[in-house]
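Working notes, beginning with the structure itself.
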Amino acid sequence: MSAEINFAEIVCATNFSFLRGASHPEELVVRAHKLGLSALAVADRNTLAGVVRAHAAAKEAGVRFLVGCRLVFEDGTPDIVVYPTDRPAYGRLTRLLTVGNLRGEKGAPRLFLEDLIAWREGLLMVVMPGEPDDPALVETLEALGRVNIWLGASMAYQGSDRKRLDDLARVANRFGVPLIATNDALYHDPRRRPLQDVLTCIREHVPLARAGKRLEANAERYLKPPEEMARLFRDHPQTLAETERLIDRVSFSLDELAYDYPDEPTGESATPQEELERLTWEGAANRYPDGIPKKVEATLRHELSLVKQLDYAPYFLTVYDI
């Protein structure tokens, strides 16, 4: 009996990568579950828009899910996919994206490598190379160093994949970073390739008949089972193991997020709840100068208890101020 093959797809675009990804987040999650992938990471282009629906679908399907984001730069830097390892790192990633959005136009943020360097703490990074001899790849790896870095490897299906993988492995070895396998997926099923072609034509403003090399060369950018990935990367099997190493270092989940209400002045009291209760009883005493009726007092105590349970006191203080 053959040993179980573990593989996590760490680079995957959804239709929230506008006019690029051809599958809904839920479709990718369902396919990952059917294929037996050990985890799935959604990484859309300069946005976290697709991760919420993917996270919800992954919880329902029992799929381990990683929040990712594909950073696309203005300065010639290769794309870099990042994964926050904890809640503070997620906050830094959102700040990084905010910087890019404020600098650019709607739907077209402008990011530079120096932005990532400024906010990189707690982020795992996979550099997605074009060609192994690209000077920009060398410059990027030199700028980032060896900490929390992987070099991404995917198949181009152009007849020279084995040589390209060998060349990428040499680059990775030179800089002391691991090589990691991915499909760099654009859809969950190869039958979505025609739709992805249409999306490309819309994006590039050309009819299908004249799209030419703007289109993907084949229909291979879909989620593949671990066995097929092991076959494709048989010369570099450690690239599959690296996907497991990466996901094991991520503890962050969207379940950790909650809305933080702005601080509200508490007046004479130590906490918002104490201030709300003080104001409530003061108001009730003014409303009923001859004594608060027992029924009203019981209602107020019940309501205040509920407000405390839900931690809504700051909201009521805001309404009071208004």
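Criterion first (modelled with pLDDT of 95 or more, out of contact with any Gly (no Cβ under 8 Å at 6 or more places or on another chain), surrounded by fewer than 21 Cβ atoms within 10 Å (Cβ to Cβ) and farther than 23 Å from ASN15 by Cβ) does ARG92 satisfy it? Here the answer is no, as ARG92 does not meet what is asked. Restricting the first member to the range 75-88 and to residues that are among the hydrophobic types (A, V, I, L, M, F, W, C), and the second to residues that are open to solvent by less than 10 Å² (accessible area, probe 1.4 Å) and assigned to a helix (DSSP H, G or I), the beta-carbon pairs closer than 8 Å and six or more apart or on different chains are ILE80/LEU116; ILE80/THR140; VAL82/LEU93; VAL82/LEU116. If you filter the range 297-322 down to residues that are within 39 Å of the chain's Cα centre (by Cα) and among the small types (Gly, Ala, Ser), you find that the one that is surrounded by the most Cβ atoms within 10 Å (Cβ to Cβ) is ALA313.
Condition check ((1) part of a helix (DSSP H, G or I); (2) in contact (Cβ under 8 Å) with a residue 24 or more places away in the chain; (3) not small (Gly, Ala, Ser)) across all residues:
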| site | (1), (2), (3) |
| --- | --- |
| ASN15 | no, yes, yes |
| ARG20 | no, yes, yes |
| SER23 | no, yes, no |
| LEU28 | yes, yes, yes |
| ARG31 | yes, yes, yes |
| LYS34 | yes, no, yes |
| VAL42 | no, yes, yes |
| THR47 | no, yes, yes |
| VAL52 | yes, yes, yes |
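Residue-level check: of (1) more than 18 Å from SER253 (Cβ to Cβ); (2) touching a Lys or Arg at 6+ places or on another chain (Cβ under 8 Å); (3) part of a helix (DSSP H, G or I), ALA58 misses just (1). Exactly one residue out of GLU121, GLU131 is more than 23 Å from PHE18 (Cβ to Cβ), open to solvent by 50 Å² or more (accessible area, probe 1.4 Å) and modelled with pLDDT of 95 or more, and it is GLU121. The condition of being exposed (fewer than 11 other Cβ atoms within 10 Å of the Cβ) and either under 21 Å from GLY122 (Cα atoms) or in contact with a Gly (Cβ under 8 Å, 6 or more places away or on another chain) (or both) holds for only one of ALA258, ALA270, that being ALA258. Screening ALA61 with (1) out of contact with any His (no Cβ under 6 Å at 6 or more places or on another chain); (2) modelled with pLDDT of 95 or more gives one miss only, at (1). Selection of the range 33-65 for residues being open to solvent by less than 30 Å² (accessible area, probe 1.4 Å) and closer than 22 Å to PRO194 by Cβ yields ASP44, GLY50.
What residue, among those in the range 218-255 that are open to solvent by 80 Å² or more (accessible area, probe 1.4 Å) and assigned to a loop (DSSP other than H, G, I, E, B), is nearest to VAL81 (Cα to Cα)?
Keep residues of the range 218-255 that are open to solvent by 80 Å² or more (accessible area, probe 1.4 Å), which gives 227, 231, 234, 237-238, 245, 248-249, 251, 255.
If we keep only those that are assigned to a loop (DSSP other than H, G, I, E, B) as well, we get 234, 237, 249, 251.
Numbers: ARG234: 24, PRO237: 21, ARG249: 15, SER251: 17 Å.
Filtering the range 218-255 for residues that are open to solvent by 80 Å² or more (accessible area, probe 1.4 Å) and assigned to a loop (DSSP other than H, G, I, E, B), the one nearest to VAL81 (Cα to Cα) comes out as ARG249.
Filtered by the rule that a residue be out of contact with any Lys or Arg (no Cβ under 9 Å at 6 or more places or on another chain), open to solvent by 30 Å² or more (accessible area, probe 1.4 Å) and either under 21 Å from THR243 (Cα atoms) or touching a residue at least 24 places away in the same chain (Cβ under 8 Å) (or both), the range 148-171 gives TYR157, ARG162, ARG164, ASP166, ASP167, ARG170. Select from the range 68-79 the residues that are within 12 Å of the chain's Cα centre (by Cα) and surrounded by fewer than 24 Cβ atoms within 10 Å (Cβ to Cβ) and list them in ascending order. ARG70 - this is the single residue of the range 68-79 that is within 12 Å of the chain's Cα centre (by Cα) and surrounded by fewer than 24 Cβ atoms within 10 Å (Cβ to Cβ).
Restricting to the range 203-217, give me the number of residues that are open to solvent by less than 90 Å² (accessible area, probe 1.4 Å) and assigned to a helix (DSSP H, G or I). Full working, then the answer.
Pass one, the range 203-217, residues open to solvent by less than 90 Å² (accessible area, probe 1.4 Å): 203-204, 206-207, 211-212, 215-217.
Subset that is assigned to a helix (DSSP H, G or I): 203-204, 212.
Result for the range 203-217: 3.
Here the range 152-180 is the region considered, the condition is being within 25 Å of ALA219 (Cα to Cα) and polar (S, T, N, Q), and the residue that is modelled with the highest pLDDT is SER154.
Within the span defined as the range 78-86, one or more residues are out of contact with any strand residue (DSSP E or B) (no Cβ under 8 Å at 6 or more places or on another chain) and not hydrophobic (A, V, I, L, M, F, W, C).
Residue by residue, here is whether (1) within 26 Å of PRO226 (Cβ to Cβ); (2) in contact with a Leu (Cβ under 6 Å, 6 or more places away or on another chain) holds:
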residue	(1), (2)
ILE5	yes, no
LEU37	yes, no
THR47	no, no
ARG64	yes, no
PHE73	no, yes
GLY76	no, no
ARG87	no, no
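The values are calculated or read from the model by the stated rules, or taken from the named source; none is laboratory data. Keep in mind it's a predicted model, so treat the numbers as computed, not measured. Neighbour counts are summed over all protein chains in view; Cβ atoms, including those assigned to glycine, are modelled from backbone coordinates with ideal geometry. Quick note on the areas: whole protein, heavy atoms, side chains included, nothing else; ligands and nucleic acids left out. Shrake-Rupley method; radii C 1.70, N 1.55, O 1.52, S 1.80 Å.
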